[in-house]
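Right, one structure below, let's go through it.
The values are calculated or read from the model by the stated rules, or taken from the named source; none is laboratory data. Everything numeric in this text was worked out from a predicted model, so none of it was measured. So basically every Cβ, Gly included, is an ideal-geometry build from the backbone, and we count neighbours across all protein chains shown. In case anyone asks, the SASA skips ligands and DNA or RNA and just uses the protein heavy atoms, side chains included. Shrake-Rupley method; radii C 1.70, N 1.55, O 1.52, S 1.80 Å.
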Amino acid sequence: MLDWLTDTKIPVGKWAKTVFDWLERKGGFFFDTLSDLLEAMIDGLLWLLQAPHPLIVIALFAGLTWVLQRRWQTCVLVAVGLLFILNQGYWEEMTESLTLVLSACIVCMGVGVPIGIAAAHRPRVYAWMQPVLDLMQTLPTFVYLIPAIVFFGIGMVPGLIATVIFVLPAPIRLTHLGVSSTPVALREAAEAFGATPRQLLWKVELPYALPQIMAGLNQTIMLSLSMVVIAALVGADGLGVPVVRALNSVNTALGFESGFVIVVVAIVLDRMLRVGGRK
C-alpha cells in the first residue's frame, strides 16, 4: 500500500557520498595539511607526557590541582588516582588517551568559544546553528568514523576529528549561554562609562561568562573521554585499545581493568577542573 512512498526514496546516502567524493578529490591538499598540523600537535603533547618520569608528571598534576583548587584533599585524590594507573600498568595508554583529550580540548575550545561569542551577539545565526549542533551530537558517532578514515586514514588524527565533531557543540552552547545571559544592566553600566564593544566583551561579558566557559571545558573533557573506545576502532592508541581487545576476546578481567582506569582518569580530570572548586 505504501509502495508509492518507498519507490520514491530520497537519496540521502547518495547525496552524502557525492559530497564526500567531491571533498576527497578537491580538498586533498587541505586535509593533508590539517592532518600534518594535528599530528604535530598530538606528537608534541605525547612527548610532554611521556618524556619525563611518571612520578614527575604526577607531581606536576598534583601541583596544577593545587593552583586550580587550593584543596590538599583534591591534590591527594589526583596523585592517588595517577599512582593507581601507574600501578596497573596503563601509564602509556593513559598518556595516549590524555593526549587525545587535550588535543580535542585545544581544538574545541579554540573554535567553540569564538563561535559561541559570535552566536551570542547574533541571535539569528544561533537559531540557524541549533539544528546543526543537534545533528552533530545526535548522529551516531560511528558515522563520523567513515569520512574521517576516508580523509585522514587511520591513527590518532581521525580519532581526534571524530571526537571534535561530537564534542564541539558543548563549548559553543555553554559559551553562548554565558555571554548571552550577561545582565542588561551590567552592559548598560559599562556602555555608560564609555566602554567600547571590545572592552565590553573582554571586561564584562567574558568575566561574567567564565563559569559557563569552564563548564564547557569540563564537558569537553568528559565527552572526549567517552570517545576513547570509539577512536580505538580507527587505530587511535590509548585506553580504548585494551577495551576493544577485551571485547574481541571476551576477556572480562581485561575489560573491567581497562574500563576502571578510564573511570579513574575521568574522576581525576573532573576534580582538577571542577567549576567552583577553588575557595
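Taking the condition of being open to solvent by 60 Å² or more (accessible area, probe 1.4 Å) and either of a type in the set (S, T, N, Q) or in contact with a His (Cβ under 7 Å, 6 or more places away or on another chain) (or both), how many residues in the stretch 205-244 meet it?
Number of matching residues: 3.
For LEU247, indicate whether it is assigned to a helix (DSSP H, G or I) and surrounded by fewer than 15 Cβ atoms within 10 Å (Cβ to Cβ).
Here the answer is yes, as LEU247 does meet what is asked.
Scan the stretch 63-93 for residues that are closer than 24 Å to PRO171 by Cα and crowded, with 22+ Cβ neighbours inside 10 Å and jot them down.
If we filter the stretch 63-93 for residues that are closer than 24 Å to PRO171 by Cα, which is where we start, we get 64-65, 67-69.
Hit for the stretch 63-93 is THR65, nothing else.
Every residue in the stretch 144-160 that is modelled with pLDDT under 85 and either closer than 10 Å to SER35 by Cβ or part of a helix (DSSP H, G or I) (or both), please. First the steps, then the outcome.
We begin by selecting, within the stretch 144-160, every residue modelled with pLDDT under 85; these are 144-155.
Scanning the stretch 144-160 gives TYR144, LEU145, ILE146, PRO147, ALA148, ILE149, VAL150, PHE151, PHE152, GLY153, GLY155.
Just one of THR138, THR163 is closer than 30 Å to PHE31 by Cα, exposed (fewer than 13 other Cβ atoms within 10 Å of the Cβ) and at pLDDT below 90; which is it?
THR138
Quick check: is even one residue across the stretch 269-276 closer than 27 Å to ASP43 by Cβ, more than 16 Å from the chain's Cα centre (by Cα) and assigned to a loop (DSSP other than H, G, I, E, B)?
No, there is no match, as no residue in the stretch 269-276 is closer than 27 Å to ASP43 by Cβ, more than 16 Å from the chain's Cα centre (by Cα) and assigned to a loop (DSSP other than H, G, I, E, B).
Only one residue in VAL229, VAL241 is assigned to a helix (DSSP H, G or I) and modelled with pLDDT under 85. Which one?
On inspection, the qualifying residue turns out to be VAL229.
Of (1) free of Cβ contacts under 8 Å to residues at least 12 places away in the same chain; (2) within 23 Å of VAL164 (Cβ to Cβ), VAL80 satisfies all except one. Which?
Failed condition: (2).
Filter the stretch 211-248 for residues that are in contact (Cβ under 8 Å) with a residue 40 or more places away in the chain and polar (S, T, N, Q); which is farthest from GLY153 (Cα to Cα)?
Residue satisfying both the conditions and the ranking: ASN218.
Consider LEU133 carefully, then state whether it is in contact with a Lys or Arg (Cβ under 9 Å, 6 or more places away or on another chain), assigned to a helix (DSSP H, G or I), open to solvent by less than 60 Å² (accessible area, probe 1.4 Å) and not polar (S, T, N, Q).
Details: in contact with a Lys or Arg (Cβ under 9 Å, 6 or more places away or on another chain): yes; assigned to a helix (DSSP H, G or I): yes; open to solvent by less than 60 Å² (accessible area, probe 1.4 Å): yes; not polar (S, T, N, Q): yes.
The answer is yes for LEU133.
Could you check the stretch 181-191 and list, in sequence order, the residues that are open to solvent by 50 Å² or more (accessible area, probe 1.4 Å) and of a type in the set (Ser, Thr, Tyr)?
SER181
Count, please, the residues in the stretch 52-62 that happen to be within 24 Å of MET227 (Cβ to Cβ) and open to solvent by 20 Å² or more (accessible area, probe 1.4 Å).
First pass over the stretch 52-62, keeping only residues within 24 Å of MET227 (Cβ to Cβ): 57, 61.
In the following step, the residues that additionally are open to solvent by 20 Å² or more (accessible area, probe 1.4 Å) were identified as 61.
So the count comes out to 1.
Scan the stretch 192-204 and tell me whether some residue there is open to solvent by less than 50 Å² (accessible area, probe 1.4 Å), touching a residue at least 24 places away in the same chain (Cβ under 8 Å) and under 18 Å from the mean Cα position of the chain (by Cα).
Looking for residues that are open to solvent by less than 50 Å² (accessible area, probe 1.4 Å), touching a residue at least 24 places away in the same chain (Cβ under 8 Å) and under 18 Å from the mean Cα position of the chain (by Cα), one finds none in the stretch 192-204, hence no.
Does the stretch 137-144 contain at least one residue that is within 23 Å of LEU223 (Cα to Cα), in contact with a helix residue (DSSP H, G or I) (Cβ under 8 Å, 6 or more places away or on another chain) and free of Cβ contacts under 8 Å to residues at least 24 places away in the same chain? Give the derivation first.
To start, the set of residues in the stretch 137-144 that are within 23 Å of LEU223 (Cα to Cα) comprises 137-144.
From the residues that got through so far, the ones that are in contact with a helix residue (DSSP H, G or I) (Cβ under 8 Å, 6 or more places away or on another chain) too are 137, 141-142, 144.
Subsequent filtering for residues that are free of Cβ contacts under 8 Å to residues at least 24 places away in the same chain retains 144.
Within the stretch 137-144 (the criterion being within 23 Å of LEU223 (Cα to Cα), in contact with a helix residue (DSSP H, G or I) (Cβ under 8 Å, 6 or more places away or on another chain) and free of Cβ contacts under 8 Å to residues at least 24 places away in the same chain), the answer is yes, since at least one residue qualifies.
Right, ALA148: surrounded by fewer than 19 Cβ atoms within 10 Å (Cβ to Cβ) and of a type outside the set (Ser, Thr, Tyr) or not? Steps first, answer last, please.
Details: surrounded by fewer than 19 Cβ atoms within 10 Å (Cβ to Cβ): no; of a type outside the set (Ser, Thr, Tyr): yes.
No; evaluated as a whole, the condition is false for this residue.
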